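Working notes, beginning with the structure itself.
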Amino acid sequence: MSLSGEELINMLRNYQSSTVSKVELIDNSSAKYDAAGGGGIINIILKKNKNIGSNVGLTASGAVGDKYRSNAGINWDLKTDKLNLFASYNFTDNKTVHNFTNERVINVNNIVNNFDVDYTAATLSKNHSFNLGTDYALAPKHTIGVLFYGTDNFIDIDKRNNTVIKTNGQTDSGIFTQSNISRHITNLNYNANYRG
């Protein structure tokens, strides 16, 4: 699938590092990759459990400060001699806060103007990702499979900017702005494959 830079970041954020076997960077892709735009390709190869039977893996992490980050996921795999079923789900919930102040002084013909800026931006992101698939070995070295996978990402950015303007030390005006940006991006994909 073809993704924008922001969509790629959100998709990569949803992968658990423990489920990734390797990452390939392909700068000159063959026709089978359907690379539109002549750009490179990032090929993420996920681990497959080679043990016969059913396996479940759970992961969770979190951090708290003036912001927070949390992550939880589950991986499931069922393997027989010829059939392999697998599924995973991952959820991340992150909040980041950016604050900065800027004091600018402009002196023209002994008239001093001060511009004092106080800026805050809070970003909240909630991301879901999943995959569900199966492989079936028709014969040694001949396998067919199907895969259904996707992401659902919500990003909310709240920005506040306060600017106080002073002339020769006296406040004469102010600019107060507030804005909010909400984005909801959903990607659903599927493929059928044959290896032989």
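What ranking do 89-98, 174-183 get when scored by the average of other Cβ atoms within 10 Å per residue, highest first?
89-98, 174-183
Mind listing the phi-derived Karplus ³J(HN,Hα) values for the stretch 118-135, rounded to whole Hz, using 6.51, -1.76 and 1.60 with θ = phi - 60°, and x for any glycine or proline?
10, 10, 9, 9, 10, 10, 10, 10, 10, 10, 10, 9, 8, 8, 8, x, 8, 10
Which pairs, out of K67/K159; K22/K95; K22/K141; K79/K126; K82/K126, put more than 26 Å between their alpha-carbon atoms? Don't skip to the end; give the middle numbers.
Details: K67/K159 16 Å; K22/K95 29 Å; K22/K141 21 Å; K79/K126 32 Å; K82/K126 37 Å.
Beyond 26 Å: K22/K95; K79/K126; K82/K126.
With every protein chain left in place and a probe of 1.4 Å, what is the accessible surface of D172, to the nearest 10 Å²?
About 90 Å², ignoring ligands and nucleic acids.
Compare V105, V64 by solvent-accessible area with a 1.4 Å probe and give them largest first, with all protein chains kept in place.
Working: V105 95, V64 140 Å².
So the residues, ranked largest to smallest area, are V64, V105.
Using the Karplus equation 6.51 cos²θ - 1.76 cosθ + 1.60 (θ = phi - 60°), what ³J(HN,Hα) coupling, rounded to whole Hz, does each residue of the stretch 53-61 give in order, writing x for Gly and Pro?
Listing the rounded values in order: x, 10, 9, 10, x, 10, 9, 7, 7 Hz.
Can you give the accessible area of L132 in Å² (nearest 10), computed on protein heavy atoms with a 1.4 Å probe?
About 100 Å², ignoring ligands and nucleic acids.
The values are calculated or read from the model by the stated rules, or taken from the named source; none is laboratory data. Since we're looking at a predicted model, the values are computed, not measured. Here Cβ is always computed from backbone atoms with ideal geometry, including for glycine, and neighbour counts include all displayed protein chains. Just so you know, the surface numbers come from the protein's heavy atoms only, side chains and all, with ligands and any DNA or RNA stripped out. Shrake-Rupley method; radii C 1.70, N 1.55, O 1.52, S 1.80 Å.
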